[in-house]
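Following: one structure in structure tokens, then a few remarks.
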Amino acid sequence: MDLSRVWHLAAVFCLTYILIKVIQLHRGRQMLLKALNSFPGPAPHWLYGNLRELSPISAIYRKVERWSCLYPFAYPLWFGRFTACLIITHPDYAKPVLAGMEPKDSYGYRNIIPWIGKGLLVLHGPKWAQHRKLLTPGFHFSVLKSYVPLIVDSVKVMLNKWEELIMQEKSVELSEHVSLMTLDSIMKCAFSHNSNCQIYKENSYVQAVFELCFLLYARMFYIVGQSDFLYWFSPHGFRFRKACQVAHLHTEKIIKERKKALKVEDELQKIEKKRYLDFLDILLCSKDENGIGLSDEEVRAEVDTFMFEGHDTTASGISWLLYCLAQNPEHQQRCREEIKTILGDRDTIEWDDLNKMTYCTLCIKETLRLYPAVPGVSRELSKPVTFFDGKTLSEGSWAVISIHLIHKNPSIWDNPEVFDPLRFSPENMSNRHSHAFLPFSAGPRNCIGQQFAMNEMKVALAMTLLRFELSLDLSKPQPVPIPQIVLRSHTGIHLCLKKLEFSAA
Ligand code: HEM
């Protein structure tokens, strides 16, 4: 065949491909317009959609909060010309979406798979049910009980570091310290792995997680990020692959060490003697009814999922909790008094104390309302959903439940900006909508680690308040929340810590 004929065929092939793509995109857009037609929202730009209005990143919350006042139940948001979702901002709209077993959407969650694989967070259908059933015993209260002293030890290491730091610095930026502490703690609890990462300042995994969360978030607002092919070649794509490598090295090392240990003949017997099977034991030793265990890939995905979900979320929760109490000294003092009354002469917290921390629990809930560690979740509808007002969102649509905006919805919460822990007192909760407070989501896909998270937040709070008085460092920029998968602060969280007299060291 002569060369000109080859070129001719190649050109025809390319043009046909482009034509098919254009028709597909056009059809997709028509379907989206039809699906979102009955939901009013901010006018999109013909090419960028609403993307340009969402920048800079630091202003995103102000913008979406303003829109949710104008459209108090839900509004469409366009990511460019061909992708759009329905942002849900009211519990009445969230309830029917969360009640079902809708799969996670293929827009946001798909991009996280190269990092955390197909673990519990992204799986759906029978595989998800099998993994959820398998992993639930790992969160039984008898297991959680044995974690408390391990969490206490990790918190003590962090507080000791802070004590040294405040001799040199006026204030402490919390984020990395708290992340290393929660990483240390999840590794000890779920993986029986003593990394001493806080002492050796081994923070390459934590930094990789920060980088990955930033890149995944930025990708949503990047035109290039809408195509896997273009993203692969972009500078962000390169950074994403590099950070994934660092994260995978960390988790692979832990799996490898445990597999080696399990090969030692009497190791299985040792596990039987342990008071609980840790999370990694469950993953490596479990078999289904046909005697088949999880594949290496499945184990890796669950370890990556729990390593990330199990530390970054609680790090966010604890950092914002300490910030809220620094901002509200009267509530801080009331929590401290409650903790002192519970502990008496003791300088450390135990399992039986956790349930007695009533006022502290109200403050934790109020923090999670104002600063939900996971600010939103989303679903791709496998069937149409009809809301209470008769409007229907069609099959295949992308629904984003904005936990942040539901928690700030003025039709549900009086003075939503005010930190008022008593909103969660039993008498004030009795008339509240079942889906008004969703930090751990709701329905069958709720957070499997919520009890672990609450315990860790209580331990961190109690131990910190016993040792330090917290106040804001007004010479530093105040925190600006940004939703990077978990809720972070664009400007960090800087607190002044004053060592309390007679505090436990
Ligand atoms: C303050 C801390 C935490 C918050 C606010 C939180 C919040 C959430 C939310 C909102 C979801 C639903 C996600 C979705 O629908 O896409 C979720 C799911 C999940 N969380 Fe958490 N989480 C926290 C801590 C933890 C911890 C400590 C662990 C593990 C030890 C964990 C493991 C998971 C897993 C594996 C899922 C997926 C569950 C499933 O789909 O079956 N989380 N979490």
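The values are calculated or read from the model by the stated rules, or taken from the named source; none is laboratory data. Source: prediction; values computed, not measured. Methodologically, a virtual Cβ is constructed for each residue, glycine included, from the backbone with ideal geometry; neighbour enumeration extends over all protein chains shown. Note: accessible area is taken over every heavy atom of the protein model, side chains too, but ligands, DNA and RNA are not part of it. Shrake-Rupley method; radii C 1.70, N 1.55, O 1.52, S 1.80 Å.
Which of the listed residues, Gly80, Ser489, Gly310, is farthest toward the dipole's positive end in the stretch 36-499, when Lys, Arg count +1 and Asp, Glu count -1 at the beta-carbon?
Value computed over the given set: Gly80.
Around Gln333, with a cut-off of 12 angstrom between Cβ atoms, what is the net charge of the other residues, counting Lys and Arg +1 and Asp and Glu -1? If you can, show how the numbers build up before the last one.
Details: positive: Arg334, Arg336, Lys340; negative: Glu330, Glu337, Glu338, Glu469.
In short, -1.
Under 15 Å Cα-Cα from Lys408, which aspartates and glutamates qualify once same-chain neighbours fewer than 8 residues away are excluded?
Partners within reach: Glu65, Asp92, Glu366, Glu417, Asp420.
In the stretch 170-239, what chymotrypsin sites (Phe, Trp or Tyr not before Pro) fall in a loop by DSSP, with at most 12 other Cβ atoms inside 10 Å?
Working: sites: Phe191, Tyr200, Tyr205, Phe210, Phe214, Tyr217, Phe221, Tyr222, Phe229, Tyr231, Trp232, Phe233, Phe238; in loops: Tyr200, Phe221, Tyr222.
Loop-located and lightly packed - Tyr200.
Stokes-Einstein at 20 °C, 1.002 mPa s, Kirkwood radius from Cα pairs: D for the stretch 134-285 in µm² s⁻¹?
On the way: Rh = 18.0 Å.
Translational D for this selection: 119 µm²/s.
Which net charge results when you count Lys and Arg as +1 and Asp and Glu as -1 among the other residues whose beta-carbon is under 14 Å from that of Ile60?
+4
Can you give the Rg to Rh ratio for the chain, taking only C-alpha atoms and Rh from Kirkwood? Intermediate values should be presented prior to the final figure.
Working: Rg = 24.3 Å, Rh = 24.6 Å.
A ratio of 0.99.
For a test of the definition: using alpha carbon positions, the gyration tensor, and the 1.5 limit on a/c, classify the stretch 351-505 as rounded, prolate or oblate.
Verdict is prolate for the stretch 351-505.
Which Cα, out of Leu393, Gly443, Tyr61, lies furthest along the positive dipole direction of the chain (beta carbon charges, K/R +1, D/E -1)?
Farthest towards the positive end: Leu393.
With respect to the cross-link table entries Lys156/Lys256; Lys156/Lys188; Lys34/Lys391; Lys133/Lys383; Lys118/Lys188; Lys104/Lys242, which display a Cα-Cα separation exceeding 19 Å?
Check vs 19 Å cut-off fails for Lys156/Lys256; Lys133/Lys383; Lys118/Lys188; Lys104/Lys242.
Looking at the stretch 179-250, which trypsin sites (Lys or Arg not before Pro) are DSSP coil and have at most 13 other C-beta atoms within 10 Å of their C-beta?
Passing sites in the stretch 179-250 are Lys201.
Once neighbouring chains are kept in place and the probe is 1.4 Å, which whole percent of the accessible area of the stretch 108-190 is contributed by carbon and sulfur?
Carbon and sulfur together cover 61 percent of it.
With all pairs of different alpha carbon atoms counted, what Kirkwood hydrodynamic radius in Å does the stretch 1-76 show?
15.9 Å
Please state the charge dipole magnitude for the stretch 392-505, taken about the Cα centre, from unit charges on C-beta atoms (+1 on K and R, -1 on D and E), reported in debye and rounded to the nearest 20.
Value, rounded to 20: 260 debye.
Using helices alone, what [θ] at 222 nm do you get for the chain, with -39,500 (n - 2.57) per DSSP H run of 4 or more residues, divided over all residues and rounded to the nearest 500?
It comes out at -18000 deg cm²/dmol, rounded to the nearest 500.
Cα gyration tensor of the stretch 19-124, axes a ≥ b ≥ c as square roots of the eigenvalues: rounded (a/c below 1.5), prolate (a/b > b/c) or oblate?
Rounded, since a/c falls under 1.5.
Report, by chain and number, residues whose modeled amide H sits under 5 Å from the one on Gly293, excluding near sequence neighbours (fewer than 5 apart, same chain).
HN-HN under 5 Å from Gly293: Asp288.
Report the accessible area of Lys498, computed with a 1.4 Å probe over the heavy atoms of all protein chains in place, in Å² rounded to the nearest 10.
Approximately 130 Å² of Lys498 is accessible to the 1.4 Å probe.
Over the chain, what is the mean sequence separation of C-alpha contacts under 8 Å (at least six apart), divided by residue count, expressed as relative contact order in percent?
Across the chain, relative contact order equals 23 percent.
Using θ = phi - 60° and the Karplus relation 6.51 cos²θ - 1.76 cosθ + 1.60, list the HN-Hα couplings for the stretch 286-295 in order, rounded to whole Hz, with x at every Gly or Pro.
6, 9, 7, 4, 8, x, 9, x, 6, 6
Taking the Cα centre of the chain as origin, work out the dipole magnitude from +1 charges on Lys and Arg Cβ and -1 charges on Asp and Glu Cβ, in debye rounded to 20. Could the numbers behind the result be given before it?
Details: 59 positive and 53 negative charges, 273 e Å.
About 1320 debye.
From the residues Gln168, Ile113, Ile151, which one has its Cα farthest along the dipole of the stretch 104-193 in the positive direction, the dipole being from +1 and -1 charges on Cβ of Lys/Arg and Asp/Glu about the Cα centre?
Of Gln168, Ile113, Ile151, it is Ile113.
Would you mind checking which residues have amide H under 5 Å from Val480's amide H? H placed 1.01 Å from N; only 5 or more apart, or other chain.
His490, Thr491, Gly492
Going through the DSSP H helices of the chain, which span 27 Å or more along their own axis at the Cα atoms while scoring at least 0.5 as a mean Kyte-Doolittle hydropathy? Don't skip to the end; give the middle numbers.
Details: long enough: 3-36 (49 Å, 0.89); 141-168 (42 Å, 0.59); 235-263 (42 Å, -0.88); 296-327 (46 Å, -0.08).
Those that clear 27 Å and a mean of 0.5 are 3-36, 141-168.
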